[in-house]
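Only one structure is covered here, and it is reproduced in the block below.
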Amino acid sequence: MAEEKHVMTMLVDNQPGVTSRVTGLFSGKGFNIESICGCPTSDPGISRITITTKANPPVVEQIEKQLRKLVNVIKLRSLDGPKAVRRELALVCVQARGEQRTEVLRIVDIFRGKIVDAGLEHFIIEVTGEEEKIQAMLNLLEPIGIKKLSRTGPIGLIREPK
Amino acid sequence: MQLTGAQILMRVLKEEGVDTLFGYPGGAVIDIYDELLRSGLRHIMVRHEQGAVHAADGYARVSGKVGVCLVTSGPGATNTVTGIASAHCDSIPLVVLTGQVPTHLIGNDAFQEVDIVGITRPCTKHNYLVESTADLARILREAFHLARSGRPGPVLVDIPKNVATGRAGVPPAGEVRIRSYNPTYRPNGKQLKEVARLIRESRRPMIFAGGGVILSQGSTELSRLARREQIPVATSLMGLGAFPGSDPLSLGMIGMHGTYRSNMASSACDLMLAVGVRFDDRVTGRTDAFAAQARIVHIDIDPSSIRKNIPVAVPVVGDCRISLQMINALLDGGAAHELAERRRPWLEQIAAWKSTQPLAYRQCERIKPQFVVEKIYALTRGEAIVTTEVGQNQMWAAQYYLFDRPNRFVTSGGLGCMGFGLPAAIGAQIACPERTVVDIAGDGSIQMNIQEMATAVQYDLPVKIAILNNGHLGMVRQWQELFYGKRYSATRVECAPDFVKLAEAYGAVGLRATRPEEVEPVLQEALAVRRPVIMDFVVEAEECVYPMVPAGAPITEMLLV
């Protein structure tokens, strides 16, 4: 069975050690974490952790069941498919001299990014979007020269009923 | 009224029905031990913290209550890890209380400081570091609730010294609610109707029962279902006793060292009702060949057990006893059918497997280990509580001692933890002072927690330790013989104590048998005396456990005697 990327999000008790319980479960059981992102919610007692994993369907089922078993995991939902909105933030430091500088600005414009830091030989670009969009922009920037890259990995929310 | 943390601990333990603790003192728990003197609770001082956890495990298994341990920080805490991991694999309800350095020293590499919550995270059902005395009562109540509810398991509570000495009020006891923890006891009715239909339709059904049946006290319902529907029952190692081993419908144990008829039945059945099991690799062998003709119904309280190793046709999440009760009720209401006629070919086939390949061994002039277990079974009339160490001794105990009741067979099933049997026997004997408790041991594994002999003598616990002494780490030796060209690497126990003298040195009784005709008199003497006894049965060294399924093979491919 093919391994595919899956995004899952969970509400957890905002207590010390909870992230370690979640990540320890992945490492202990041989599951994969592509990205992980966590922060408190509007309720300071609850945090949201969003994880992207790569696994085949039976393994995804096992991951979800094992996560639900953790006493500190309050609620777990899949963020796959059209029922959810997913976004990722990337900060990209690009080397840019001479003519490349206008080229970079054009690319930033196409992807509705922002320049958040500029120097004589570099820009730092902020861009958000679905993973594919960010990847597409990185593919264009790559030949120009990516110096540094920081990505959050996907976060997301389930859409409310219309 | 404000109480100290130590006083709060004693109060909650009593609220939770605890009367006995297994433990070992130390600096970080000295205040708790001081309070223990005034508490009226019984404390069993073991000789090693691993022994405390195994003893609490044995106590929990035969009493059905939560086993409780109390140990100090640092090495006291780390010594509990093996015991906790064993209880975790076997879903045994424990509360393990560890001392911790004062909160202001945590993270400073203080004397006897260790991050035991971090260490035990993957081998506990849940664990806690208590940060304030005010949280202690709530956390302890949650710990007991988690340990005994749902799929039971060990819960560790780490108590810093200043939490034990600090003062706080105690909120009144009430129902424990943890918002994210709601085990499903009552299964989905639609699924159960499907199960009942499959039972009625099947021609070659079998039940595969595991430890979950025993933990949920579902044995009576299981027997009702099996007998009324004429369904043969195989059990996992952990399920021994869930269905009477001497019943004609019993197939015995299934898996790597299962009976021929169990393993054959599993591949020929058209319906497998798997109840309270987790399809361990020692049961299934090669998974794609396991129960390949059957529709599998899997009943378990832990959803993550279902479809973890084996695809199933009908998943049922729920308590085993309640599920079986509901299935029985559905079948009660169903139309009568020609059951005996329908089942006859299947039961005849099973009887044929049983008569062509019964469990067997060849007698010789030396003592055969299986013969010792058979004699223990006969002389205790099948009524003893049997604990085991791990390896060949464990498998022979599982094969040749038939358990007609649950909570009588106490073994480290999932973790396979050598050194389990003696401390577990101590815990079992404390839970059931009037019962005969026998530890079926090997000369290798008995030495892993032999120090607990002192505990047995100190508390006057008449446990009977039957060492099947083959001078080897027998199970590994067996693998080396069968699969590694008889290259015996490190499996000969080249130096062992004289177990009779060792028993005497501890103040216990030591007995030895070297010839088959000595076995019965030694056992009779051991069972007659109300003291701890070590019996050294010098057995045939190169005996193997059969049947045996090579690791990774289909379980129908058995090596036989």
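The values are calculated or read from the model by the stated rules, or taken from the named source; none is laboratory data. The structure presented is a predicted model; accordingly, all values stated were derived computationally and were not measured. Reconstructed Cβ throughout: ideal geometry from the backbone, glycine too, with neighbour counts over all protein chains shown. To get the accessible areas, we keep the full protein, side chains included, count just its heavy atoms, and leave off ligands, DNA and RNA. Shrake-Rupley method; radii C 1.70, N 1.55, O 1.52, S 1.80 Å.
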Using a ≥ b ≥ c from the Cα gyration tensor of segment B:189-356 (square roots of the eigenvalues), is it rounded, prolate or oblate, where a/c under 1.5 gives rounded and otherwise the larger of a/b and b/c decides, a/b for prolate? rounded
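Per-residue ellipticity at 222 nm for the protein assembly as shown, helices alone: DSSP H runs ≥ 4 residues times -39500 (n - 2.57), over residue total, nearest 500 deg cm²/dmol?
Helix contribution divided over all residues of the protein assembly as shown: -10500 deg cm²/dmol.
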Checked against the positive end of the charge dipole of chain B (+1 on Cβ of Lys and Arg, -1 on Cβ of Asp and Glu, about the Cα centre), the farthest of B:L330, B:V114, B:A56 is B:L330
Per residue, how much accessible area does the protein assembly as shown show when a 1.4 Å probe rolls over the protein heavy atoms, in square angstrom? 42
Check cross-link reach from A:K147 to the aspartates and glutamates: straight Cα distance under 17 Å, and skip same-chain residues fewer than eight apart. A:E103, A:D117, A:E121, A:E126
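Where a ≥ b ≥ c are the square roots of the eigenvalues of the C-alpha gyration tensor, would you call segment B:1-121 rounded, which needs a/c under 1.5, or, failing that, prolate if a/b is larger than b/c, or oblate? Write down the numbers at each step before the final one.
Numbers: a/c = 1.78, a/b = 1.10, b/c = 1.62.
The shape class here is oblate.
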Order by accessible surface, 1.4 Å probe, largest leading, for residues B:R38, B:R321 comes to B:R38, B:R321
Within 10 Å, count the other beta carbons around each residue, average over each peptide in B:508-514, B:447-453, and list them highest first. B:447-453, B:508-514
Distance in Å, no decimals, from the C-alpha centre of segment B:402-433 to the one of segment B:202-220 is 20
For A:I125, residues with placed amide H under 5 Å, excluding near neighbours: A:V92, A:C93, A:V94, A:V116
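Which trypsin sites (Lys or Arg not before Pro) from segment B:171-263 combine a DSSP loop assignment with at most 14 other Cβ atoms within 10 Å?
Working: sites: B:R177, B:R179, B:K190, B:K193, B:R197, B:R200, B:R203, B:R224, B:R227, B:R228, B:R261; in loops: B:R177, B:R179, B:R203.
Loop-located and lightly packed - B:R177, B:R179, B:R203.
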What length, rounded to one decimal in nm, is gained on full extension from B:K501 through to B:F111, with 0.36 nm per residue of separation minus their alpha-carbon distance? 136.5 nm
Hey, can you list the residues from segment A:58-87 whose accessible area shrinks by 20 Å² or more with all protein chains present, relative to the chain by itself (probe 1.4 Å, no ligands or nucleic acids)? A:E61, A:Q62, A:K65, A:K69, A:V71, A:I74
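Checking an interface number: how much accessible area is buried between B and A, summed over both chains, with a 1.4 Å probe, in Å² rounded to 100?
Working: alone 21720 and 9640 Å², together 30040 Å².
That pair hides around 1300 Å² of surface in total.
Taking 45 Å as R0, compute the FRET efficiency from the Cβ-Cβ separation of A:R87 and A:S27 and round it to 0.05.
0.95
Using only the Cα atoms of chain B, build the gyration tensor, take square roots of its eigenvalues as a ≥ b ≥ c, and label the shape rounded, prolate or oblate: rounded if a/c is under 1.5, else prolate if a/b is larger than b/c, else oblate.
Details: a/c = 1.99, a/b = 1.22, b/c = 1.63.
In terms of gyration-tensor shape, oblate.
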Output for segment B:169-258: GluC sites (Glu not before Pro) sitting in coil per DSSP, at most 13 other Cβ within 10 Å, listed by number, reads B:E175
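May I ask you to compute the full-extension gain from B:R531 to B:R381, defined as 0.36 nm times their residue separation minus their alpha-carbon distance, rounded to one decimal in nm?
Contour length minus the Cα-Cα distance gives 52.0 nm.
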Anyone know which of A:V73, A:V127, A:V59 comes out most mobile in the 10 Å Cα GNM of chain A? A:V59
Förster-model FRET efficiency, 45 Å R0, B:D19 and B:E520, C-beta, rounded to 0.05: 0.75
Long pairs among B:K368/B:K464; A:K54/A:K83; A:K69/B:K193, criterion Cα-Cα beyond 23 Å: A:K69/B:K193
Can you spot the aspartates and glutamates whose alpha carbon is less than 15 Å from A:K133's alpha carbon? Ignore those fewer than 8 places along the same chain. A:E88, A:D109, A:E142
Given the whole protein assembly as supplied and a 1.4 Å probe, what does the accessible area of B:D280 come to in Å², nearest 10? 40
Mind scanning B:K190/B:K354; A:K114/A:K162; B:K65/B:K190; B:K14/B:K161 and naming the pairs with a C-alpha gap bigger than 25 Å? B:K190/B:K354; A:K114/A:K162; B:K65/B:K190
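To the nearest 0.05, how large is the calculated FRET efficiency for B:F483 and B:S180 if R₀ is 60 Å and r is the Cβ-Cβ distance?
On the way: r = 46 Å, r/R0 = 0.76.
That pair, B:F483 with B:S180, gives E of 0.85.
What is the percent carbon and sulfur in the accessible area of chain B, measuring with a 1.4 Å probe over the protein chains and ignoring ligands? Please list the in-between numbers first.
Working: 10730 of 21060 Å².
Percent of accessible area from carbon and sulfur atoms in chain B: 51.
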Charges at C-beta only: +1 for Lys and Arg, -1 for Asp and Glu. How large is the resulting dipole of segment B:471-561 about its Cα centre, in Debye rounded to 20? 280
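Taking 0.36 nm per intervening residue step and subtracting the Cα-Cα distance, what contour gain separates A:I46 from A:I115 on full extension?
Numbers: separation 69, 0.36 × 69 = 24.84 nm, distance 3.34 nm.
This chain segment gains 21.5 nm when fully extended.
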What is the set of long-range amide H partners of B:V493 at a cut-off below 5 Å, with H atoms built 1.01 Å from backbone N? B:H472, B:L473
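At a 1.4 Å probe radius, carbon and sulfur cover how many percent of the accessible area of segment A:4-78?
Working: 1750 of 3360 Å².
After summing per-atom areas, the C and S share lands at 52 percent.
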Please sort by residue number the trypsin sites (Lys or Arg not before Pro) in segment A:1-71 whose DSSP state is loop and whose Cβ has at most 14 other Cβ atoms within 10 Å. A:K29
